[in-house]
Amino acid sequence: GADQAAAVRGVLTSGARIESLVGPAGTGKAFVVGAIARGWTTAPRAEGEPAGRVFGLATSQVATDVLTGEGLTSRNVARWLATQDRLTAPLAEARVSDDDAGWALRSGDLVVVDESAMTDTASLAAIHKHVDNAGAKLLLVGDHRQLAAVGAGGGMDLLANSGARYELAEARRFAVVWERSASLRLRAGDESVLRDY
């Protein structure tokens, strides 16, 4: 759809260091993230500049697996943050493993945080700090009306206000037409939709 194409184009060409992709379930966020990842890793770079890499993060393992399925190198948030902490620790304290080395961020990388609304504010702030220090880009993906973070939440909205926000509105995933509008009514808190289910 037009909203999906605009989101892909925007993220790939804006030059912004932080952006968000927001939409209810079934609007194609995972599809858009996959298209962004393919575009990011194949975009022409200046001579001598390494190809862009895309890392996917999520609080839940299910979302992490979806990101992996879309072609992203993915890890859950807690494990990724522990890796980044090891990589940025002073040499005397660092216990960096061979597995850690491939996760070291550099300028030109894209870090996608799926289900961002479910990621607690402290973790989002730590992710943002690592991404910013490396000169990489952060893309927050999710739906602030879905399940909130365990612990202090609201970080997605705070960070998302720092950059462009792309919104997907058209439900596409549902095979049965009535489910498309019903899912949006349920998201909006319309309890009368429960009769439809």
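The values are calculated or read from the model by the stated rules, or taken from the named source; none is laboratory data. Note that the structure is predicted; figures quoted are calculated from it, not measured. No Cβ is skipped: glycine too gets one built from the backbone with ideal geometry, and neighbour counts run over all protein chains shown. All accessible areas refer to the heavy atoms of the entire protein, side chains included, with ligands and DNA or RNA removed. Shrake-Rupley method; radii C 1.70, N 1.55, O 1.52, S 1.80 Å.
Let me confirm something: among ALA5, ALA43, which residue is open to solvent by less than 60 Å² (accessible area, probe 1.4 Å), without any contact (Cβ under 8 Å) to a residue 12 or more places away in the chain and over 13 Å from the mean Cα position of the chain (by Cα)? Walk me through how you get there before you give the answer.
On the way: ALA43 fails: without any contact (Cβ under 8 Å) to a residue 12 or more places away in the chain.
Only one candidate passes the filter, namely ALA5.
In the stretch 13-29, what residues are crowded, with 16+ Cβ neighbours inside 10 Å and under 21 Å from GLY71 (Cβ atoms)? It would help to see each step written out before you state the result.
We begin by selecting, within the stretch 13-29, every residue crowded, with 16+ Cβ neighbours inside 10 Å; these are 18-24, 26-29.
Across the stretch 13-29, the qualifying residues are GLU19, SER20, LEU21, GLY23, GLY26, THR27, GLY28, LYS29.
When you look at LEU87, is it out of contact with any strand residue (DSSP E or B) (no Cβ under 7 Å at 6 or more places or on another chain), more than 17 Å from ARG17 (Cα to Cα), modelled with pLDDT under 90 and surrounded by fewer than 20 Cβ atoms within 10 Å (Cβ to Cβ), yes or no? Quick ask: steps written out before the conclusion?
Values: out of contact with any strand residue (DSSP E or B) (no Cβ under 7 Å at 6 or more places or on another chain): yes; more than 17 Å from ARG17 (Cα to Cα): yes; modelled with pLDDT under 90: no; surrounded by fewer than 20 Cβ atoms within 10 Å (Cβ to Cβ): yes.
No, not satisfied.
Just name the residue that is surrounded by the most Cβ atoms within 10 Å (Cβ to Cβ) out of those in the stretch 69-84 that are within 23 Å of ALA122 (Cβ to Cβ) and among the aliphatic types (A, V, I, L, M). I'd like the intermediate steps shown before the answer.
Going residue by residue through the stretch 69-84, those that are within 23 Å of ALA122 (Cβ to Cβ) are 74-84.
Restricting the remaining residues to those that are among the aliphatic types (A, V, I, L, M) gives 77-78, 81-82.
Numbers: VAL77: 24, ALA78: 12, LEU81: 17, ALA82: 13.
Out of the qualifying residues, it is VAL77.
In the stretch 8-32, which residues are part of a loop (DSSP other than H, G, I, E, B) and either at negative phi or touching a residue at least 60 places away in the same chain (Cβ under 8 Å) (or both)? Spell out how you get there, then give the answer.
Looking only at the stretch 8-32, we keep the residues that are part of a loop (DSSP other than H, G, I, E, B), and these are 14-17, 23-28.
Scanning the stretch 8-32 gives SER14, ALA16, ARG17, GLY23, PRO24, ALA25, GLY26, THR27, GLY28.
Conditions (1) open to solvent by 40 Å² or more (accessible area, probe 1.4 Å); (2) modelled with pLDDT under 95; (3) on the phi < 0 side of the Ramachandran plot; (4) not in a helix (DSSP H, G or I), marked per residue:
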{"residue": "THR64", "(1), (2), (3), (4)": "no, yes, yes, no"}
{"residue": "ALA92", "(1), (2), (3), (4)": "yes, yes, yes, yes"}
{"residue": "VAL96", "(1), (2), (3), (4)": "yes, yes, yes, yes"}
{"residue": "VAL111", "(1), (2), (3), (4)": "no, no, yes, yes"}
{"residue": "ALA117", "(1), (2), (3), (4)": "no, yes, yes, no"}
{"residue": "ALA122", "(1), (2), (3), (4)": "yes, yes, yes, no"}
{"residue": "HIS130", "(1), (2), (3), (4)": "no, no, yes, no"}
{"residue": "LEU138", "(1), (2), (3), (4)": "no, no, yes, yes"}
{"residue": "VAL141", "(1), (2), (3), (4)": "no, yes, yes, yes"}
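Please count how many residues of the stretch 46-62 are more than 20 Å from ASP143 (Cβ to Cβ) and surrounded by 13 or more Cβ atoms within 10 Å (Cβ to Cβ).
Our first condition is that a residue be more than 20 Å from ASP143 (Cβ to Cβ); within the stretch 46-62, this holds for 46-55.
Filter once more, keeping what is surrounded by 13 or more Cβ atoms within 10 Å (Cβ to Cβ): 52-55.
Number satisfying all stated conditions: 4.
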